[in-house]
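What follows is a set of notes on a single structure, which appears directly below.
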Amino acid sequence: MFNPLTLQPNELAAYQDLLNTIKQRIASVRLRVAMAASRELILFYRELGALIADKQAQSQWGDKLITQLSADLQKAFPDLKGLSSSNLKYCLRFFQFYASEQEAFKVGGTSTPFGQQPVDQIPWGHNILIFTKCRDVAEANFYLSQTLEHGWSRDVLALQLKSNLYARVGKAVTNFSRTLPPPQSDLAQQTLKDPYTFDFMAMTAPYNELDVERQLTQHITQFLLELGKGFAFVGRQYHLEITGNDYYIDLLFYHITLKCYVVVELKNRKFIPEYAGKLNFYLSAVDSLLKRDDDQPTIGLLLCRDKNNIEVEFALRDMNKPMGVSEYNLVEALPDNLKGALPTVEEIESDLQQLQQQEGG
């Protein structure tokens, strides 16, 4: 009779290998089953939405149809989730949102990934966020593909939607098309945003670049999330010695996908052309002192509080190093001596209640 306690060490190791192999197979199968179930559920919800939309178009039942359907379906399938009236309304909105691509979806027939987009490859909760927050299918497709590529949780997806990532990605003013070969230039362009939103930290005026740097590194997880996938933090006020003189880079990163260093310089004021010259100098220094033979050319990112795009384009036109310029936004907190002068939420609510009682009287 098989007894692990009586096995020799080599036999026990063989058994453990077998056990681990089977565990991995089970985990893999469970994942595939879960993904298949999720895909079928998404397609089922869209079919429900299509059926409801079709019936509403042929009758005058309106929203009462959904309320009655929900009650009857939950009575027939008490253990089945997703049949509430609110979720059926989401199913209807889901179908209506992607109506322009419905030719790839056959109600009652063979279902295929409509629009060839990963709609049916991410959870229903993620889908709800996307089709309720996006203005059109093109924007939705962006968040769908980004969610699938980066494995965003629902909370991270909500943050990216709130920050309007779709409108910001790839919008930095750069000279990449002239200073980097394709496809590196396109990849680098899509890596940068404009503006960057640092709403995870609050600054009290007056503050300078060092204050901003300090806050960003204290909130490094949120900072890296805003920068995007692939950025690895190397250091703040990174020291370089050139001909006996000391220089300090505000923030230094290495981008794993682009395989290059990224120099980030912060300016707590509007862009002026001189900033591009200093950044160009830092890029030359990093290329000479840090860049390895198998690294791509170092990229520079200048973050300013404000900029004029025409001025930036002129400033970058004759720079021979790849760099981009973006704005960044902060949440400015009130100084402590002013906080007490403003009413609290509770005081505002109390005043409103008193006003309503006076008007009612």
Please indicate, with yes or no, whether at least one residue in the range 148-157 is open to solvent by less than 50 Å² (accessible area, probe 1.4 Å), at pLDDT 90 or above and part of a helix (DSSP H, G or I). yes
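Considering only the range 216-246, state which residues are free of Cβ contacts under 8 Å to residues at least 12 places away in the same chain and among the polar types (S, T, N, Q). If you could, list the steps in order and put the result at the bottom.
Residues of the range 216-246 free of Cβ contacts under 8 Å to residues at least 12 places away in the same chain: 221, 224, 239, 241, 243-246.
Selection gives Thr221, Thr243, Asn245.
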Could you please give the count of residues in the range 158-183 that are open to solvent by 20 Å² or more (accessible area, probe 1.4 Å) and part of a helix (DSSP H, G or I)? 9
Expected output for the range 74-97 (first residue of a type in the set (A, V, I, L, M, F, W, C) and modelled with pLDDT under 90, partner surrounded by 15 or more Cβ atoms within 10 Å (Cβ to Cβ) and assigned to a helix (DSSP H, G or I), Cβ below 8 Å, 6+ apart or cross-chain) is Leu80/Leu73; Leu80/Gln74; Leu83/Ser70; Leu83/Leu73; Leu83/Gln74
Here the qualifying pairs (Cβ atoms under 6 Å; residues six or more apart or on different chains; first in the range 259-286 and within 23 Å of Leu216 (Cα to Cα); second aromatic (Phe, Trp, Tyr) and in a strand (DSSP E or B)) come out as Tyr261/Tyr254; Val262/Phe253; Val286/Tyr261
Any chance the range 176-184 includes a residue that's of a type outside the set (Lys, Arg), under 22 Å from Asp318 (Cβ atoms) and touching a Gly at 6+ places or on another chain (Cβ under 9 Å)? yes
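How many of the residues in the range 184-242 are among the hydroxyl-bearing types (Ser, Thr, Tyr), open to solvent by 50 Å² or more (accessible area, probe 1.4 Å), outside any helix (DSSP H, G or I) and within 18 Å of Leu252 (Cβ to Cβ)?
We begin by selecting, within the range 184-242, every residue among the hydroxyl-bearing types (Ser, Thr, Tyr); these are 185, 191, 196-197, 204, 207, 217, 221, 238.
The next check asks that each one be open to solvent by 50 Å² or more (accessible area, probe 1.4 Å); those that pass are 204, 221, 238.
Filter once more, keeping what is outside any helix (DSSP H, G or I): 204, 238.
Okay, now just the ones that are also within 18 Å of Leu252 (Cβ to Cβ), so 238.
Of the residues in the range 184-242, 1 are among the hydroxyl-bearing types (Ser, Thr, Tyr), open to solvent by 50 Å² or more (accessible area, probe 1.4 Å), outside any helix (DSSP H, G or I) and within 18 Å of Leu252 (Cβ to Cβ).
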For the range 271-288, check the following and say yes or no: at least one residue is aliphatic (A, V, I, L, M), at pLDDT below 95 and either open to solvent by 80 Å² or more (accessible area, probe 1.4 Å) or in contact with an Asp or Glu (Cβ under 6 Å, 6 or more places away or on another chain) (or both). no
Would you pick out the residues in the range 98-132 that are modelled with pLDDT of 90 or more and small (Gly, Ala, Ser)? Gly125
List, please: which pairs have Cβ atoms under 9 Å, are six or more places apart or on different chains, and start with a residue in the range 305-324 that is within 20 Å of Thr197 (Cα to Cα) and end with one that is surrounded by fewer than 12 Cβ atoms within 10 Å (Cβ to Cβ) and among the charged types (D, E, K, R)? Arg305/Arg269; Asp306/Arg269
Looking for something closer than 24 Å to Ala285 by Cα and more than 17 Å from the chain's Cα centre (by Cα) - is there at least one such residue anywhere in the range 217-225? yes
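The values are calculated or read from the model by the stated rules, or taken from the named source; none is laboratory data. The model shown is predicted, which means the values in this text are computed figures rather than measured ones. Every residue, glycine among them, receives a Cβ derived from its backbone with ideal geometry; neighbour counts consider all protein chains shown. In case anyone asks, the SASA skips ligands and DNA or RNA and just uses the protein heavy atoms, side chains included. Shrake-Rupley method; radii C 1.70, N 1.55, O 1.52, S 1.80 Å.
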